[in-house]
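Visitor: Below are the structure tokens for one structure; questions will follow.
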Amino acid sequence: MTPFMSKTNGVLFNNYISAAPSTVLSLTNSFSLREYNKLEVNNNIVSLAKKVDIILIGFQIREC
């Protein structure tokens, strides 16, 4: 964990298993809505946060 992460309020996921072999595909699969086995990339965590006026600072990705 970085010094910034240890001082920041938020949710930290430990032991998360990637949903795809690359970062872009993994984040797309993890944070987008999937209905009837169809990925709806326009319905994602960022668009949901914008609808309720939440500001997203960013994601920190650490590869082991």
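The values are calculated or read from the model by the stated rules, or taken from the named source; none is laboratory data. Predicted model only: the values in this text are computed from it and were never measured. No Cβ is skipped: glycine too gets one built from the backbone with ideal geometry, and neighbour counts run over all protein chains shown.
Visitor: Among all residue pairs at least 6 apart or on different chains, which show Cβ distances below 8 Å where the first residue, located in the stretch 42-55, is free of Cβ contacts under 8 Å to residues at least 24 places away in the same chain and among the small types (Gly, Ala, Ser) and the second is surrounded by 11 or more Cβ atoms within 10 Å (Cβ to Cβ) and part of a strand (DSSP E or B)?
Guide: Sorted first by the residue in the stretch 42-55, then by its partner, the list stays empty.
Visitor: Okay, moving on. Step by step: first the residues of the stretch 32-47, then only those that are aliphatic (A, V, I, L, M) and part of a helix (DSSP H, G or I), then the one that is surrounded by the most Cβ atoms within 10 Å (Cβ to Cβ). Which residue is that?
Guide: Across the stretch 32-47, the extreme among qualifying residues is 45.
Visitor: Sort out which residues of the stretch 48-64 are modelled with pLDDT of 75 or more and in a loop (DSSP other than H, G, I, E, B), and write them in order of number.
Guide: Those that are modelled with pLDDT of 75 or more and in a loop (DSSP other than H, G, I, E, B): 52, 53.
Visitor: I've got another one for you. Collect the residues in the stretch 1-27 that are part of a helix (DSSP H, G or I), touching a residue at least 12 places away in the same chain (Cβ under 8 Å) and not hydrophobic (A, V, I, L, M, F, W, C), keeping them in residue-number order.
Guide: 23
Visitor: Let me ask you something else. Filter the stretch 1-22 down to residues that are at pLDDT 80 or above and surrounded by 10 or more Cβ atoms within 10 Å (Cβ to Cβ), then give me how many there are.
Guide: Qualifying residue count for the region: 3.
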